[in-house]
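**Student:** Before I ask anything, let me first share the structure, which is written out below as structure tokens.
Readers should treat all values here as calculations from the given coordinates under stated rules, not as data from a laboratory. Nothing here was measured: the structure is a model prediction, and the numbers come from that model. Cβ placement follows ideal geometry from the backbone for every residue including glycine, while neighbour counts extend to all protein chains displayed.
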Amino acid sequence: MVKFVVMSRDAVESLRVAENVKYAVLSISNTGDGPPKIRCGPNLMGVLCVQFDDALVDSVGKRSLNTAQAAQMVRFADRMVADGADVVVVHCEAGISRSAATAAVLSARYGLDNRHLFRLPYLPNRKVLRLLSEVSDGLGEPATGAQ
């Protein structure tokens with residue numbers, strides 16, 4: 001069964017994964033920042049890089065998650081899980097808000113316990129929770145055999 005793991009940017013840049021673990025990385029960066037330096041191990045199945053800020057609404061200099069990005073994130077996770085990923089690492093700058101919200105929704109999509117992602121140190125971004133949930137629900141059930 002897949003696991004969704006939350007990390008900070010620093011943690012993902014120093015990530016080392018056991019040789020027998022197939023994994024993917026869903027990378028969330030601030031608007032305008034470059035992607036993190038992710039080590040390419042032999043079992044790295046894929047990386048999706050998206051850019052949006054830890055914001056509830058768009059404002060001057062801040063861009064929040066949009067529907068197209070949310071759909072891209074859910075489809076990426078579905079593809080990685082269907083292809084046999086053991087772990088999907090979700091990271092943002094601090095590993096507290098955007099990544100926690102993303103991992104919470106994706107965990108729920110696969111029937112996994114996500115309660116820990118709603119307790120400190122995590123503070124899930126409400127817009128990410130809402131929009132990813134709406135998109136996830138709209139896409140229907142993930143492919144069979146993904147668990």
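**Student:** Find out how many positive minus negative residues lie around G140, taking Lys and Arg as positive, Asp and Glu as negative, among other residues whose Cβ is under 11 Å from that of G140.
**Tutor:** After counting each charged neighbour, the total is -2.
**Student:** Nearest-5 percent of antiparallel DSSP beta bridges in region 1-123?
**Tutor:** So the antiparallel bridges amount to about 5 percent of the total.
**Student:** For percent of Cα pairs over 28 Å apart, several values are listed as (1) 11; (2) 30; (3) 15; flag the one computed from this structure.
**Tutor:** (1)
**Student:** Right, here's the next one. Over the chain, what is the relative contact order in whole percent, taking alpha-carbon pairs under 8 Å and six or more residues apart?
**Tutor:** Contact order relative to length: 31 percent.
**Student:** Determine the sum of side-chain charges near T67: Lys and Arg each +1, Asp and Glu each -1, restricted to other residues whose C-beta is under 14 angstrom from that of T67.
**Tutor:** Residues close to T67 contribute a combined charge of +1.
**Student:** Find me the longest stretch of the chain that has none of the exposed trypsin sites (Lys or Arg not before Pro), where exposed means in a DSSP loop (not H, G, I, E or B) with at most 15 other Cβ atoms within 10 Å.
**Tutor:** It works out to 40-118.
**Student:** Let me ask you something else. Excluding residues on the same chain fewer than 8 positions from K37, give the lysines whose Cα lies under 24 Å from its Cα.
**Tutor:** Correct list for K37: K3, K22, K62.
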